[in-house]
Amino acid sequence: MNDIIILAIESSCDETSVAVIKNGREILSNIIYSQIGIHKKFGGVVPEIASRRHIDKIDLIVEQSLEQSKLKLEDMDAIAVTYGPGLVGALLVGVSYSKALAYGLQKPLIPVNHIDGHIAANYLAFSDLKPPYIALIVSGGHTHIVDVTDYGKYIVLGRTRDDAVGEAYDKVARTLGFGYPGGPFIDEAAKLGNPNAINFPRSYLEEGSYDFSFSGIKSAVLNYLNSAKMKGIEINKNDVAASFQEAIMDVLINKIIKASLEFNHDKIIIAGGVAANSRLRERLKEEAKKHHLEVLYPPLSLCTDNAAMIGSAAYYQFKNEKFANLELNAVPNLKL
C-alpha cells in the first residue's frame with residue numbers, strides 16, 4: 001500500500017501548528033507557534049488577539065513545516081484541520097486556510113475533532129498501540145473518560161459538568177498569584193507542599209457516575225484563602241497547591257481505574273495538556289499497577305495542542321473516506 005501523507009493544521013486556541021504526518025504514525029514535521037507569552041499578561045487567552053495572531057503566522061508555519069518535512073504541498077494526499085471544539089475565531093482561521101489549500105490542490109479535506117486529536121497523540125508515541133482501551137482526556141477545556149472501541153470510534157462514559165481540570169488549575173493558580181497557564185505552576189508548587197495539609201472536598205457525584213465536577217473544589221480553595229486572609233492566618237501556597245492537586249487526582253484516578261475494570265480494558269491512555277502533570281502520571285501508574293493495568297501517555301511535546309495529533313487522527317478518517325466539502329465550518333462546541 002502506498003504511503004499516505006497528510007498536512008494537518010491546528011488553530012483551536014492559542015497555538016498555530018502545522019504538521020506533516022506519514023501513515024498516521026510518523027511525524028515528518030510538527031511546527032508549533034505558541035502565543036502563551038502574549039496572553040500571559042491577561043491571565044488567560046484573549047480570543048480576538050489569538051485569532052489575529054493565527055492570521056499573522058499561519059503562512060509562515062505552513063512554510064516551515066513543509067521545509068522540515070522536505071516535501072512540497074503537491075506531495076500531500078490530503079489536508080486535515082481541527083474544526084472544533086475551540087474558540088470560534090481561532091478555528092475559522094485554520095478552517096478557511098485549509099479549505100483554500102484543499103481547493104487549490106484538489107485534495108480531500110479532512111475535518112478533525114480536537115479531542116479525537118488528543119487521543120490520537122498516543123498513536124504517534126506508541127507505534128503498536130491499537131484500540132480498544134480506556135482514555136482519560138484532561139486539558140484546559142475538556143475532561144472526558146472515553147471507551148475507545150476502534151480508531152475514531154468512541155463511547156463517552158463521562159465528562160465534566162462544569163469546569164474542566166485545566167480551567168480549575170488556571171483559576172486556582174491565578175488566585176494564588178502564580179502565572180498563566182496555571183498547570184505547570186501548581187505542579188511545581190505542589191512538590192514543595194504537604195498534600196494532606198488542607199482537606200478540600202472530593203466530588204464523586206452519583207453512585208456509578210463517570211462524570212466530573214470541579215467547580216466545588218475551586219470554590220473551596222477560594223473560600224479557604226479568603227477566610228485565612230480575614231483571620232490573618234499565614235497562607236502556605238505550596239500546601240494549598242498540593243492539597244488542591246491531591247483532591248483533583250483522587251477523583252480522576254478513582255474514576256479512570258473504575259472504568260477500566262468495569263469495561264474490562266487492560267490499557268489506559270491519558271491525553272491533553274494536563275497529561276503533562278507529573279503527579280497524575282506518578283499516581284495513576286502506581287494505582288494501575290495494583291490492578292495489573294498498563295498506563296500510556298505521550299511525551300510532553302504531544303500533550304499540549306499540536307497539529308501532529310490532528311494529522312494522526314485524520315489518517316484513520318482518510319482510510320474510511322470521511323471527508324468534508326468546502327462548506328465546512330467551525331463548530332466551537334463540537335462534541336466527541
Selection count where residues are within 18 Å of the chain's Cα centre (by Cα) and either free of Cβ contacts under 8 Å to residues at least 24 places away in the same chain or assigned to a helix (DSSP H, G or I) (or both), scope region 156-188:
13
Inspect all residues belonging to region 46-57 and state whether any of them is surrounded by fewer than 21 Cβ atoms within 10 Å (Cβ to Cβ), modelled with pLDDT of 95 or more and under 29 Å from A168 (Cβ atoms).
no
Which of the strands (runs of 3 or more DSSP E) found entirely inside region 1-84 contain at least 3 residues meeting this: touching a Ser or Thr at 6+ places or on another chain (Cβ under 6 Å)?
15-22, 26-34, 78-84
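Results for (1) aliphatic (A, V, I, L, M); (2) under 21 Å from D116 (Cα atoms), shown as yes or no for each residue.
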{"residue": "K237", "(1), (2)": "no, no"}
{"residue": "A259", "(1), (2)": "yes, yes"}
{"residue": "N277", "(1), (2)": "no, yes"}
{"residue": "T304", "(1), (2)": "no, yes"}
{"residue": "Q317", "(1), (2)": "no, yes"}
{"residue": "L328", "(1), (2)": "yes, yes"}
May I ask you to list the residues in region 85-96 that are closer than 16 Å to H114 by Cβ and in a helix (DSSP H, G or I)?
V88, G89, A90, L91, L92, V93, G94, V95
Criterion (more than 30 Å from L91 (Cβ to Cβ), modelled with pLDDT of 95 or more and in contact with a Lys or Arg (Cβ under 6 Å, 6 or more places away or on another chain)) met by exactly one of I257, I253:
I253
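Here is a yes/no grid of residues against (1) touching a residue at least 40 places away in the same chain (Cβ under 8 Å); (2) within 20 Å of the chain's Cα centre (by Cα); (3) not assigned by TED's automatic domain parsing to the domain that holds I27:
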| position | (1), (2), (3) |
| --- | --- |
| L91 | yes, yes, no |
| K99 | yes, no, no |
| P108 | yes, no, no |
| A125 | yes, yes, yes |
| I137 | yes, yes, yes |
| G140 | yes, yes, yes |
| H144 | yes, yes, yes |
| D150 | no, yes, yes |
| Y154 | yes, yes, yes |
Take the residues in region 308-336 that are part of a helix (DSSP H, G or I) and of a type in the set (A, V, I, L, M, F, W, C), then tell me which one is nearest to Q64 (Cα to Cα).
A308
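The values are calculated or read from the model by the stated rules, or taken from the named source; none is laboratory data. Fair warning: this is a prediction, and the values are worked out from it, not measured in the lab. Methodologically, a virtual Cβ is constructed for each residue, glycine included, from the backbone with ideal geometry; neighbour enumeration extends over all protein chains shown.
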